[in-house]
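*Asks:* Have a look at this one before I ask anything.
The values are calculated or read from the model by the stated rules, or taken from the named source; none is laboratory data. Please read all numbers here as calculations on a predicted model, not as lab measurements. Glycine also receives a Cβ, built like all others from the backbone with ideal geometry; neighbour counts cover every protein chain displayed. Heavy atoms of the whole protein, side chains included, go into the accessibility calculation; ligands, DNA and RNA do not. Shrake-Rupley method; radii C 1.70, N 1.55, O 1.52, S 1.80 Å.
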Amino acid sequence: MILSILGGGGFRVPLVHQALLDDREPGRVTELRLFDSDAHRLRSIAAVLGEQSSGHPHPPVVSLHTELDDAVRGTDFVFSAIRVGGLAGRTCDETIPLRHGVIGQETVGAGGVAYALRTLPVVRAMAERIAALAPEAWVISFTNPAGMVTESLVDVLGDRVIGICDSPVGLARRALGALGVAPADRSRAEIGYVGLNHLGWIRSLVLDGSDQLPRLMADPAALESFEEGRLFGSDWLQNLGHLPNEYLHHYYFTREALAADHGATRTRAQVIEAQQREFYGVPDPTAPGALRRWDDCRLARETTYMASNREAAGHFERDPDDLVSGGYDRVALAIMHAIAHDRPATLIVNRPNGDRVGELDADAVIEAPCRVDAAGVHPLPTGPLPRHGVGLVTQVKQVERTTIEASRIGSRALAWRAIAQHPLVDSVAVARSILDDFLAEVDGLQYLR
């Protein structure tokens, strides 16, 4: 099989490559095409992959491309992992809202709207080339903001699109661990998860026909033994009766998260940029030690993940088990095996709602379990949204829809409305000022008029 990665110079590509090296299935990926607009980043990642491949008998053949058409022509699968505007754009997504006294985050709030406005026109253009050059290919999208990107890809490519995120996978793994479920048994659990990308909840954890979530909720010590429990506090989780995705910390503890962000010396993007300079900044990316340099940077990145939110929750360090990168890679490989080799898998992915969540229309992309096999993607029943989350989900989905339409027709007025409607932005006037700053300081938004 041929796999093409858009954003092939991205930092997480070696995780996918390692998963491909470990894959012993018949019909595995034999050709890996990496596309990126930055040739130096491509060479840097290629050097890591070369060292990863050492000693493997049949690694995939890797080719580097700076022209999209060459990378996708005739491919079987496409992983989309692009970051339009790079870390400089992400820095603006985080700093401009903070300047105006609201949460600054790359996928949540005003920053998420701005990131989507930069990204969606590029994603649609890429999708059109895939439709023309590889009409049978499946697109597995890692690109953030995942819900809006998936909805835009579906508009062009139809059913052959799956959006993925590793946050629900990580939450479920940690919750099952807190229940004492052995790693070998966790794959048997049925995870009842529903919501939008970066805005969802675990509603049930069914193992051998019995929902174990009530048992977890009744045990404060077990709840606070894992990351989300410490982030939200056992008392709040017991109040909700559900386990929220970590990104809901921005909504539930807005003042505390905002204060921590204001108190930080650097934003998350600035931290990552400094960390990655030790890897991408090497003048000769082919110099020996690329894999070690990448892994050192990876560990530093994972250690500081959501550091300001952990600071707001009372400051706690991440558990060693959570410093192991991955999630995207395993989910993506499971999807490829399910489709290409009819190895059915049940996964939490971003797909159109259908009739699962009554408060949303059929075309609205949600994040929830689906069964994937050679016949395609089959949405599974989710149960209703938690009552406490209905208003938040419908409001944020309206923001997403307004953002998508603003990007489609190039409307500055709709972009303003999208920011102003977001529950983390508390003033229409502030929303206009934020948008004005984005338009003045960030490349890729000039199409808005």
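*Asks:* With springs connecting C-alpha atoms under 10 Å apart, model the chain as a Gaussian network and identify which of 57, 97, 145 has the largest mean-square fluctuation.
*Replies:* 57
*Asks:* Comparing 146, 71, 131, which has the greatest mean-square fluctuation in the GNM of the chain with Cα pairs linked when under 10 Å apart?
*Replies:* Comparing 146, 71, 131 in the GNM, the peak value goes to 131.
*Asks:* Below 8 Å, C-alpha to C-alpha, sequence gap of six or more: please give me the relative contact order for the stretch 133-224 in percent.
*Replies:* Dividing the mean separation by the residue count of the stretch 133-224 yields 20 percent.
*Asks:* In addition: Points 7 angstrom from Cα along the Cβ direction at residue 235 and residue 100: gap in nanometres?
*Replies:* 3.5
*Asks:* What percentage of the solvent-accessible surface of the chain, computed with a 1.4 Å probe over protein heavy atoms, is contributed by carbon and sulfur atoms?
*Replies:* Numbers: 9100 of 17720 Å².
Roughly 51 percent, rounded to a whole number.
*Asks:* Quick one: if you stick a label point 7 Å off each Cα along the C-beta vector at residue 155 and residue 24, how many nm between them?
*Replies:* 4.6
*Asks:* If you don't mind, there's one more thing I want to ask. Give the distance, in whole Å, between the Cα centre of the stretch 88-128 and the Cα centre of the stretch 151-212.
*Replies:* Between the Cα centres of the stretch 88-128 and the stretch 151-212 lies a distance of 25 Å.
*Asks:* For the pair residue 211 and residue 188, how long in nm is the line joining their label points, each one 7 Å along Cα→Cβ?
*Replies:* Distance between the two pseudo-spin positions: 2.1 nm.
*Asks:* Stretch residue 278-residue 380 to full length: gain in nm at 0.36 nm per residue minus the Cα-Cα span?
*Replies:* Stretched out fully, the residue 278 to residue 380 stretch lengthens by 32.3 nm.
*Asks:* Taking only DSSP H segments of four or more residues, each worth -39500 (n - 2.57), what value at 222 nm results for the chain once the sum is divided by all its residues, to the nearest 500 deg cm²/dmol? Walk me through the numbers on the way to the answer.
*Replies:* Working: 20 runs with 219 residues, N = 449.
The helix-only estimate for the chain comes to -14500 deg cm²/dmol at 222 nm.
*Asks:* Moving on. Just the number please: accessible area per residue for the stretch 363-431, 1.4 Å probe, all protein chains included, in Å².
*Replies:* Values: 2880 Å² over 69 residues.
Ligands and nucleic acids excluded, the figure is 42 Å² per residue.
*Asks:* Under 10 Å, Cα contacts only: if you run a Gaussian network model on the chain, which one of 12, 124, 24 comes out with the highest mean-square fluctuation?
*Replies:* So, out of 12, 124, 24, the one fluctuating most is 24.
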